[in-house]
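Here the structure comes first, spelled out in structure tokens, and everything after it is commentary.
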Amino acid sequence: MELLLPTSTAGSLPKPSWLAEPEKIWSPWALEGEQLSEAKQDALRLTLQEQRHAGIDIVSDGEQTRQHFVTTFIEHLDGVDFENRKTVKIRDRYEASVPSVVGAVSRQRPVFVDDAKFLRQQTDQPIKWALPGPMTMIDTLYDGHYKSREKLAWEFAKILNQEAKELEAAGVDIIQFDEPAFNVFFDDVNDWGIATLERAIEGLKCETAVHICYGYGIKANNDWKKTLGSEWRQYEQAFPKLQQSNIDIVSLECQNSHVPMDLIELIRGKKVMVGAIDVATNTIETPEEVADTLRKVLQFVDADKLYPSTNCGMAPLPREVARGKLKALSEGAAIIRKELSV
Ligand code: ZN
């Protein structure tokens, strides 16, 4: 990236109300069939325009074509029954209705590649595409077949690698794997979580990122955060091994979190995509607040390795709020760019 401090979003953006019920995650589609396909593409064009208008440098699909960042991918695989959903506890925290694995999993056809090609046609800006990571996938389903989280994670890693290679060929510049589960299951992360993630990025030439966070700004997550105390040291568990991995970028939660900044030193040498926008509040940050967060991070990261971003998925936010937050992010980054250039 030639531009210093390129801005991006960590994940989803709000959907228009004609596409899906707003201010909600896992929101069902408002249309079906041909109309739905057309509406998804229109929403994608719209979200791209909004990102461009706000001054975001690395753009994405804002997850306009998927219902949820994990289950939509899983539902497109063979060996999965998504009609008979099961309610399971995910992230060791809250109940969710998820698909079931009923046989050997495989990918018969690309899942997001056509959407990525469509996005690529619409813009010359760098594009980032998010996929779920292997560990977060196995934590967002019911497994009635493999009966081994690790075994299934390796299967998913192979499938993700196939998809990632086709996304790269479609012109995606950064492929991001979302691994909120890395902040919960520490032993598994170090035993096989990071290893399966590296399997998923094997042979890729584009940039790769892992996004590790404390979840959407929903009540279950906000309540959980209250139990974490004054210092959130979860990143300490995964960072040393991630620092040794082939992943290029680590995306983390920062704004209004209690993550001690100096933990960033544990991923020395990596590019850091830092969440400078809080998604758990409708209050729009001022550009100066964003700049302040970035200044603090710059004590631990070289400027050429800092990627200002949002904390996480913005899908549940009102669209106006999301637009305001994106603008604050790019204006905050601009303040720092100016400071660095003098
Ligand atoms: Zn996240």
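The values are calculated or read from the model by the stated rules, or taken from the named source; none is laboratory data. Please read all numbers here as calculations on a predicted model, not as lab measurements. In this analysis, Cβ positions are derived from the backbone assuming ideal geometry, glycine residues included, and neighbour counts consider all displayed protein chains. SASA here: full protein model, heavy atoms, side chains in, ligands and nucleic acids out. Shrake-Rupley method; radii C 1.70, N 1.55, O 1.52, S 1.80 Å.
Structural remarks
- The alpha carbon centroids of segment 266-342 and segment 11-48 are separated by 26 Å.
- Site-free segments of the chain were taken between GluC sites (Glu not before Pro) in DSSP loops having at most 15 other Cβ atoms within 10 Å, sites themselves excluded; the longest one is 33-201.
- Only Lys, Arg, Asp and Glu carry charge here, each on its Cβ (+1 for the first two, -1 for the last two); on that basis the chain has a dipole of about 160 debye about its Cα centre.
- Over the chain, Cα pairs under 8 Å with separation of 6+ residues give a relative contact order of 21 percent.
- Local net charge near GLY171, Cβ-Cβ under 14 Å (Lys/Arg +1, Asp/Glu -1): -3
- Accessible surface of the chain [probe 1.4 Å, protein heavy atoms]: carbon and sulfur percent: 45 percent
- FRET efficiency estimate (nearest 0.05) - Cβ-Cβ, GLU38 to SER230, R0 45 angstrom: 0.35
- DSSP-assigned coil residues among chymotrypsin sites (Phe, Trp or Tyr not before Pro) in segment 5-47, each with at most 10 further Cβ atoms within 10 Å: none
- Summed side-chain charge close to TRP26 - residues other than TRP26 whose Cβ falls under 13 Å, Lys, Arg +1, Asp, Glu -1: -1
- Projecting the Cα positions of SER60, ALA328, LEU5 onto the charge dipole of the chain (unit charges on Cβ atoms of Lys, Arg, Asp and Glu, taken about the Cα centre) puts ALA328 furthest along the positive direction.
- Taking every full run of DSSP H in the chain, the ones that stretch at least 27 Å from end to end by Cα along their long axis and average -0.5 or higher on the Kyte-Doolittle scale are 319-341.
- Kirkwood Rh and Cα Rg combined as Rg/Rh, the chain: 0.93
- The local environment of PRO318, defined by Cβ-Cβ distances under 14 Å, has a net charge of +1 under the rule Lys, Arg +1 and Asp, Glu -1.
- For segment 33-273, DSSP calls about 30 percent of its internal beta bridges antiparallel.
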